[in-house]
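Notes follow once the structure below has been shown.
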Amino acid sequence: MKNLAIWGGRPLSGKVYCDGAKNAALPVLAGALLMDKSTILEVPDLADVRTMVALLRAIGANVRRSQGEISVSSPGSLICEAPYDLVRKMRASFLVMGPLLVRCGKASIPLPGGCAIGQRPVDLHLKGFEAMGAHIAIDKGFVHASAPNLRGAQIYLDIPSVGATENIMMAACLAIGETIIDNAAQEPEVVDLANFLNSAGARINGAGTSRIRITGVKRLLGTTYTIIPDRIEAATYLIAGAITLGNVCVGNIIPLHLKPVLAKLQECGFSIIEGNKSVEINAPFRAQPVNIKTLPYPGFPTDVQAPFVSLCSLGQGTSIISETVFENRFAHAEELRRMGAKIRIEGANAVIEGVPNLTGATVQASDLRAGAALCLAALAAQGVSYVTGLEHVERGYAGFAAKLRSLGARIAVFDEAIEQASGFTARG
Ligand code: EPZ
C-alpha cells in the first residue's frame, strides 16, 4: 500500500498543467475496437488506462504505447470475452461490451461489482442492447450478450448515464439503421467519444444534448485523435489553491467544461481569472458558505463533490452539499472528521460547519476522488497527515504528488512494504 505524508499549512502557488481526461481516454480506447486502426494522443499515464490497455490486448487488439500516444489496431477477429480480473479492477471495462457486441455478434463480460461509491448497476446499458435486438443472459456473474445483427432502436435512458450513453452509442455506430438515445448524458467526455468516432467515419449527431442520433455505417476507418483535458483534475488543483489560501493557475484546460465549478468557487468569494486554456484562482481568505447539488452535466459534477467538502470544511459558516448522482459518496466525511472537520450527513446531504483549522491525522482513501479530497484537506491542516491508499488517487491523477510539490506542497510518497522491510516508518 503506498501512502502520502503531507505537511500542511503552506499556501500553494504557481502553475500546473492538466493531462488528458481519464473519463474520455477510457471510452475512446474502448471505441478503438470499432475500427481497424487508430492513434489516440494526450492519453494520461494512469493505472486505469494501463488496465484498459491490458484489457484490449486480452481481447486480441494490438496496442502500442509511447508516452501519451496509444495506437490500437484490431483488424482480425477479437476474443469476445473480457477477463474477470481486469473488469474487477475497473468498472469502465464494461465499455468494451458495445464494441464487441456489434463487431463479433456476441460478448461475455463479467458483471461489474459495486464500489465504494455505490452499487453502480449496468441495467441501462443492457436495456439499450436488448432494444437493439441483443439477447442478454446473466450467468455465474457474467453478462452474455448475443446479436448476429444489431439493429438501430429508439432508447430512453431512465437516468442520463454516462457509461450507458457511451456503450450504446458505440454499438449503434455499426448497427443496421438509426438509433436515437433520449435522456442521453451530455458530459464533455461523451462529446469527445462522439467526435473521436465521427473522425473515423461514424455518423453521430446531437452529442452534448439529451438526444443523440446515430446512423449505422458498414465500417469505420482509421483516425488520429487528441482527447480533451481533464476537467476534474483541473477542479482538484484549483481547489488545492483555494483551500491553502494560495494562488494557483491551471493550464491546458477548457474553461467552459468547468463552468459549474468556477461558478461555485466565485460564490465562495475567490477571484477567478479565465484564460483561453487556463484558469487562475486567488484565495486570500477562507471560503464563504455555499450550497451545492451534484447533477449530471451541465450541473455540478459529482466527481468534484468530495474535494469541495474538504474546501467547505475550512470555510466560514455552514455549507450544504447534496449528492444526487451516487448513493454512497460521503466516505471522506468520516475521515475529515478525524482531522477536526464538523460534517453531519443527513441522507443525501452533507451539512458542513466550517472550522478555522484542521489538524493532521492518518486517514484512509476509499476511492480516487475521496483520496484527493483528503490530500487537499491535509495540505491545509496544521501538522503532518498520512493519507493511505495512494493507489486509489493514482487511478485518476497522473503525477499527483509531483504536481502538488511543484506548487510548493511538502509531500512525500511512502511504500508501506519498504517501510516495513527497512523498519523505517514515516509516522515515527
Ligand atoms: C462515469 O461513471 C464516470 N466514470 C464517473 O467518474 C462519474 O462519476 C460518473 O460517470 C458520473 O458523472 C467514467 O467515465 C469512467 P453513470 P458511470 O452511469 O458511467 C446509475 C471518477 O471518479 N446507473 O453516469 O459509471 C449509477 O448507479 C468516476 O472518475 C444506473 O442506475 O456513471 C449512478 O447512480 C467515478 N444504471 C448514476 O446512474 C446504469 O445502467 C450515474 O452513473 C448505469 C448507471
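Results, tabulated for the structure shown:
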{"read-out": "Nitroxide proxy distance, nm - points 7 Å out along Cα→Cβ at Thr362 and Leu221", "value": "6.0"}
{"read-out": "Net charge contributed by nearby residues that have their C-beta within less than 13 Å of Leu407 (K/R +1, D/E -1)", "value": "+4"}
{"read-out": "Separation between Cα centres of the range 24-60 and the range 205-257, rounded to whole Å", "value": "17"}
{"read-out": "Amide hydrogen neighbours beyond the local backbone of Glu81, cut-off 5 Å, H modeled", "value": "Ser108"}
{"read-out": "Pair-distance profile P(r), taking every C-alpha pair of the range 22-226, with 5 angstrom steps and integer %", "value": "1, 8, 18, 23, 23, 17, 8, 2, 0"}
{"read-out": "Residue-averaged 222 nm ellipticity for the chain, from DSSP H runs of 4+ at -39500 (n - 2.57), nearest 500", "value": "-9500 deg cm²/dmol"}
{"read-out": "Percent carbon-and-sulfur accessible area, the chain, ignoring ligands, DNA and RNA, probe 1.4 Å", "value": "51"}
{"read-out": "Residues listed by number, the range 112-131, amide nitrogen under 16 Å from Ile345 label point at 7 Å toward C-beta", "value": "115-120"}
{"read-out": "Amide H contacts under 5 Å for Gly269, placed H, 5+ residues apart", "value": "Gln288"}
{"read-out": "Karplus 3J(HN,Hα) series, Hz, for the range 211-221 with 6.51 cos²θ - 1.76 cosθ + 1.60 (x for Gly, Pro)", "value": "10, 10, 10, 10, 9, x, 10, 5, 7, 9, 8"}
{"read-out": "DSSP loop trypsin sites (Lys or Arg not before Pro) with at most 14 other Cβ within 10 Å: longest gap in the chain", "value": "278-426"}
{"read-out": "Potential lengthening between Ser13 and Thr209 on full extension [0.36 nm per residue; Cα-Cα distance subtracted]", "value": "66.8 nm"}
{"read-out": "Cα-based reach from Lys403 at 13 Å (exclusive), listing aspartates and glutamates while leaving out same-chain residues under 8 positions away", "value": "Asp19, Glu233, Glu394"}
{"read-out": "Contour minus Cα-Cα distance for Glu274 and Ala412 (0.36 nm per residue)", "value": "46.5 nm"}
{"read-out": "Relative counts (whole %) of C-alpha pair distances in the chain, using bins that are 10 Å wide", "value": "5, 22, 31, 24, 14, 4, 0"}
{"read-out": "Entries in Lys22/Lys293; Lys2/Lys293; Lys37/Lys106 that, when Cα-Cα distance is taken, lie over 29 Å", "value": "Lys2/Lys293"}
{"read-out": "For the range 315-382: rounded, prolate or oblate by the Cα gyration tensor [a/c cutoff 1.5]", "value": "oblate"}
{"read-out": "For the range 70-126 versus the range 321-395, the gap between their alpha-carbon centres in whole angstrom", "value": "31"}
{"read-out": "Excluding exposed DSSP-loop chymotrypsin sites (Phe, Trp or Tyr not before Pro) (at most 13 other C-beta within 10 Å), longest clean stretch of the chain", "value": "1-284"}
{"read-out": "Cα→Cβ-extended label distance, 7 Å offset, between Arg65 and Gln316, nm", "value": "4.7"}
{"read-out": "Choice from Ala202, Ala134, Ala263 showing the highest fluctuation, given a GNM over the chain with Cα pairs closer than 10 Å", "value": "Ala263"}
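The values are calculated or read from the model by the stated rules, or taken from the named source; none is laboratory data. Because the structure is a prediction, the values reported are computed rather than measured. So basically every Cβ, Gly included, is an ideal-geometry build from the backbone, and we count neighbours across all protein chains shown. What goes into the accessible areas is simple: the full protein's heavy atoms, side chains included, and nothing from ligands, DNA or RNA. Shrake-Rupley method; radii C 1.70, N 1.55, O 1.52, S 1.80 Å.
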